[in-house]
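Some notes on the structure that comes next.
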Amino acid sequence: MAQIDWKTLGFDAYRTRTVVVSHFKDGKWSTPESTETFSFTFDPFAQVFHYAISCFEGLKAFRQKDGRIAMFRPDQNAARLQRTADYLGMPCPSPEMFYQMCEACIRGNMEFLPPYGLGASMYLRPLLVGMHPQMQLVPYPEAVFAVMCAPVGSYYGAHLKSCAAVIPGNYDRAAPKGSGSYKIGANYANTFKPYKFAHEQGYAELLYLNSSTREFVDEFGSSNFFGIKGNKYITPLSDSVLPSITNKTLQQVAIDLGMEVEKRPVPLEELATFEEVGGCGTAVVITPLSHIDIKPVLEEAEVTRSFRFCPDGEVGPKSTALYKRIRAIQDGEFPDEHGWCRFVEAE
Ligand code: PLP
Ligand code: COI
């Protein structure tokens with residue numbers, strides 16, 4: 001077992017042992033290879049460097065209470081990768097190949113799989129990048145698909161605690177009819193600069209509005225948005241947000257907990273009416289928000305409005321219940337009634 005302090009893990013590109021790799025060339029995928037060499041060889045003209053032909057997925061594996069290893073909803077990640085690859089005009093591994101490579105990655109990194117009960121998990125990062133050397137703007141069926149992993153705690157720190165977000169008046173995430181709903185690397189590139197300014201000012205997250213009219217809530221830079229009003233779980237319906245698997249899961253969990261679910265456009269004004277607000281995604285599961293500020297210019301001091309939800313550090317009761325249920329299913333402490341866990345045989 002690796003010497004890791006599982007309780008203090010964050011969300012970092014931890015160097016594990018094995019990466020599983022396959023190449024698509026001449027119309028077929030090579031037999032996946034588990035390698036301990038943490039490097040790829042690329043032609044300098046490769047699509048990925050010049051035109052950002054690159055996409056990825058993120059899913060978690062858990063050591064459950066009874067000792068079994070479960071990947072959480074990998075079928076959803078395999079399907080989303082296919083959708084993204086189609087958008088980029090890239091070849092994509094079949095769902096079966098996707099699972100097999102994820103499983104091989106887990107098996108090749110068993111010493112980095114956190115034990116049950118410490119809140120940590122293994123984050124799997126499947127990555128698909130365009131390899132073909134070219135100058136022209138045309139898709140080409142040549143790619144590398146790799147699955148790597150890292151042991152992670154939670155994205156923002158060891159415990160569920162609320163933090164602040166900012167709506168930046170001078171940055172957008174996704175264009176109308178653009179790439180916002182696909183998990184392409186390029187969608188994240190344009191968040192680095194606003195994240196830097198947001199973090200410097202103590203905001204953990206950026207909340208983006210729909211870029212055409214700026215009247216509706218879209219999503220956070222790294223997670224979907226949900227709001228709680230009474231017994232309702234409300235989440236935006238928008239063509240430019242990433243279809244989050246965690247959000248989909250939370251909607252079902254909310255129903256299971258006797259809540260109502262509304263998926264519809266969420267006007268910015270409605271922020272004033274939510275009792276709880278959070279971000280949701282694989283890395284964080286849930287990030288409860290203490291408050292959201294509107295800043296016309298992120299780099300400047302002026303805050304024109306502040307929406308308050310719960311005191312700094314505290315978490316609302318509905319967010320807590322949703323979080324606990326989803327985590328209990330992932331850890332094998334609550335029955336997996338919807339068949340979300342796919343078990344991995346540790347050879
Ligand atoms: N939205 C964005 C922009 C993300 O990067 C993520 C993270 O993957 C999500 C939403 C949440 O998606 P999921 O729950 O599938 O991880
Ligand atoms: C995830 O939640 O899985 C993510 O991919 C978030 C990451 C972009 C920071």
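A short reminder: the numbers here are calculations on the coordinates, not readings from a lab. In this text the structure is predicted, and so the values were computed from the model without any measurement. Neighbour counts are summed over all protein chains in view; Cβ atoms, including those assigned to glycine, are modelled from backbone coordinates with ideal geometry.
Brief remarks on what is shown
- For I167, the residues whose amide H sits under 5 Å from its own are L207, D293, I294, K295, ignoring neighbours fewer than 5 places away on the same chain, with H placed 1.01 Å from N.
- If you wrap the tightest convex hull around every Cα atom of segment 163-330 and split its volume per residue, you get 104 Å³.
- Rel. contact order, % - alpha carbon contacts under 8 angstrom, at least six apart, the chain: 20
- Here's the picture: charge each Lys and Arg Cβ at +1 and each Asp and Glu Cβ at -1 in the chain, and of I326, Y51, V303 the one pushed furthest to the positive end of that dipole is I326.
- Each stretch of four or more DSSP H residues adds -39500 (n - 2.57); spread over every residue of the chain, this sum gives -6500 deg cm²/dmol at 222 nm.
- Reference-scaled alpha-carbon Rg (2.2 N^0.38 Å with N residues) for segment 6-152: 1.08
- Over all Cα atoms in segment 82-171, the spread is summed up by Rg and Dmax: 18.1, 51 Å.
- Cut-off under 5 Å, modelled amide H: who pairs with K60 long-range: F72, L124
- Along each principal axis, Cα extent of the chain, largest first, Å: 54, 52, 34
- Rg followed by Dmax, in Å, when segment 187-243 is reduced to its Cα trace: 12.6, 37
- Sequence-distant residues sharing a close amide H with E219 (under 5 Å, placed H): Y208
- Summed side-chain charge close to Y99 - residues other than Y99 whose Cβ falls under 11 Å, Lys, Arg +1, Asp, Glu -1: -2
- Candidate lysines - alpha carbon under 30 Å from K28, same-chain residues fewer than 8 apart omitted: K60, K183
- Taking packing as the residue-averaged number of other Cβ atoms within 10 angstrom, the listed peptides 328-335, 104-111, 218-225, 8-15 run from highest to lowest as 218-225, 104-111, 328-335, 8-15.
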